[in-house]
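S.K.: Let me begin by handing over the structure; questions about it come next.
What follows draws every value from the coordinates through simple rules; no lab data is involved. If you're wondering where the values come from, they're calculated on a predicted model, not measured in any experiment. Counting neighbours? That spans all protein chains shown, and the Cβs are built from the backbone with ideal geometry, glycine included.
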Amino acid sequence: MDYLVATVFFAVSASVTPGPNNIMLMTSGVNFGVRKSLPLLTGICIGFALMILLIGLGFGQLFALFPNLHLIIKCLGTLYLLYLAWLIAKSGSVNSTNSQTKPLTFIKGALFQWVNGKAWVVATGAIAAFTTVGAGYYGQSFTLALTFLLVAFPCAGVWLFFGTLLKQVLKSERYRRYFNYTMSALLVLSVAPVVKEITLQVFSQGV
C-alpha cells in the first residue's frame, strides 16, 4: 500500500506541474475548446503511459547499449518542440493557414511523448525509483504505467479546462495572439534545459 501511495503522489506531482504537455493543452483549450482538444488530451495520457511501459520493458537497456541513439532522439525532439512553439505562436492569427488552426490529434499527442524532454526525465526517473530488479519487476512497471494513465487525465485535464476558461477572457484576437506568443515562449524556455544537456553531451564526446 505504501508503494502504491508513493507512486500516486509521484504521478500527480509529475502530471500537474508545468511542462510542454500542459502548455500545449492549455493553449489548445484557449484556441479550440475542450471538445476539440479531447483527442490531444487522450493521446498525451495514453502515449505517456505506453512510454513508461515500453521503457520499463527494455528501451532503457537499448539506450544503455546505444547512447548515441538517445542523443539523436533528443536532438530531433528539441527541433520538433521548437516547431510546435512556432505553430502555437501562429495559432488563431488572421494569417494562419487551415492546417495551423486545427488542434493536434490523438496520434500526435501520443507520439509527442517520445520527443518531450520532460516526459523522458519523468519516465526514466519513475522506472528507476519505483521498480526493483527481481520477479516483480514487470508487474511494477505495469502498475506504474497504469497509475500514470489514471492520474494524468484529471491532472492534465485541469490545464485544458483552465485554457477553456481563459477563452472567455481572451475574446479579443489581439489578446489571444499575445497569449499564444507567451505560451510559445514558455515552451521554448521548457526546451532550454534539454538544449543545454545536448550541448554538454556533444562537447563531452568531442563531436
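S.K.: Could you put THR199, THR182, THR164 in order, starting from the residue whose Cβ has the fewest other Cβ atoms within 10 Å?
M.R.: THR199, THR182, THR164
S.K.: Once the Cβ-Cβ distance between LEU200 and THR132 is put in as r, and R0 is 22 Å, what FRET efficiency do you end up with, to the nearest 0.05?
M.R.: FRET efficiency, LEU200 to THR132: 0.10.
S.K.: As a quick test, which of the pairs LYS118/LYS167; LYS36/LYS167; LYS167/LYS196 have an alpha carbon distance above 24 angstrom in this structure?
M.R.: Where the Cα-Cα span goes over 24 Å, the pairs concerned are LYS118/LYS167; LYS167/LYS196.
S.K.: Could you calculate the FRET efficiency of LEU146 with ARG35 from 1/(1 + (r/R0)^6), where r is the beta carbon distance between them and R0 is 25 Å, rounded to 0.05?
M.R.: Approximately 0.40, to the nearest 0.05.
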